[in-house]
């Protein structure tokens, strides 16, 4: 397992590079409570702060961003109706779902529920109906990870319920950047809510990320995750203080720590002062 780069050394290098370019260098490490984190300024690929950024760990439902990319790149009809089956129940043990076997929803609806509400049966059904089936979908996910340079990433199933789905914070930033290039992933992952109809009855699903409904935040891609082995996780791309930033937060304790960490990172970024170019 790769060792993490020393944070003081990394921040010193990032600050020197930022100062040379006349950008906003970090003045101190943000007060992040999550076990591992990564903050990237997209404008010049500067790592603003990080901890345990090279260490692969379980990523829970952050997995679903990769599942979405694999499904969308297969080019299957988004309006095709897919049925939830007993295989989807068996493939998502221990998770709650309001989608009973026999429910039929469009591929678009299932993908929306997977990304914004982290619906596990919906995600499993999408991967099961991938061309040549579930094993081919998982291969496509791993192939996509390799193509993105995510050398630490491994996927064994599409939902994130398995702790064997792992990646480092640095590699998850690459996944967020790739996801941001797909307009459907951007749209579906940041919807505040979505309603589907089952037996003519509306089922309302809400986003698992409280920040997407906050008008003071400009979130363009996001995904939350939780299993006991991974803790609570959050990845997102957001506009903060006039620049696009990728934030990865892994293994947060408590239900609200990852949201509070994101807010602390934002406050830290907004507190930075410009420096003169050398």
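The values are calculated or read from the model by the stated rules, or taken from the named source; none is laboratory data. Since the structure is predicted, the reported quantities are computational estimates derived from the model, not experimental observations. Cβ sites come from the backbone with ideal geometry, for glycine too, and all protein chains shown count toward neighbours.
Among the residues of the stretch 177-217, those identified as part of a helix (DSSP H, G or I) and either touching a helix residue (DSSP H, G or I) at 6+ places or on another chain (Cβ under 7 Å) or more than 17 Å from residue 72 (Cβ to Cβ) (or both) are 178, 179, 180, 184, 185, 186, 188, 189, 210, 211, 212, 213. In this entry, residue 65 passes the filter for residues that are touching a helix residue (DSSP H, G or I) at 6+ places or on another chain (Cβ under 7 Å), modelled with pLDDT of 95 or more and over 19 Å from residue 268 (Cβ atoms). Check 270, 229 and return the single one that is modelled with pLDDT under 95 and touching a strand residue (DSSP E or B) at 6+ places or on another chain (Cβ under 9 Å). None of the other options fit; the residue is 270. The residues listed here are 193, 163; of these, the one that is more than 26 Å from residue 33 (Cα to Cα), touching a residue at least 12 places away in the same chain (Cβ under 8 Å), surrounded by fewer than 17 Cβ atoms within 10 Å (Cβ to Cβ) and more than 13 Å from the chain's Cα centre (by Cα) is 193. For the stretch 35-67, residues that are buried (at least 24 other Cβ atoms within 10 Å of the Cβ) and under 18 Å from the mean Cα position of the chain (by Cα) total 16. Criterion first (assigned to a loop (DSSP other than H, G, I, E, B), in contact with a strand residue (DSSP E or B) (Cβ under 9 Å, 6 or more places away or on another chain) and either modelled with pLDDT of 95 or more or under 20 Å from residue 180 (Cβ atoms) (or both)) does residue 112 satisfy it? No: the conditions fail for residue 112.
Could you go through the stretch 260-268 and let me know if any residue there is closer than 20 Å to residue 58 by Cα, in a strand (DSSP E or B) and in contact (Cβ under 8 Å) with a residue 60 or more places away in the chain. No; the residues of the stretch 260-268 include none that is closer than 20 Å to residue 58 by Cα, in a strand (DSSP E or B) and in contact (Cβ under 8 Å) with a residue 60 or more places away in the chain.
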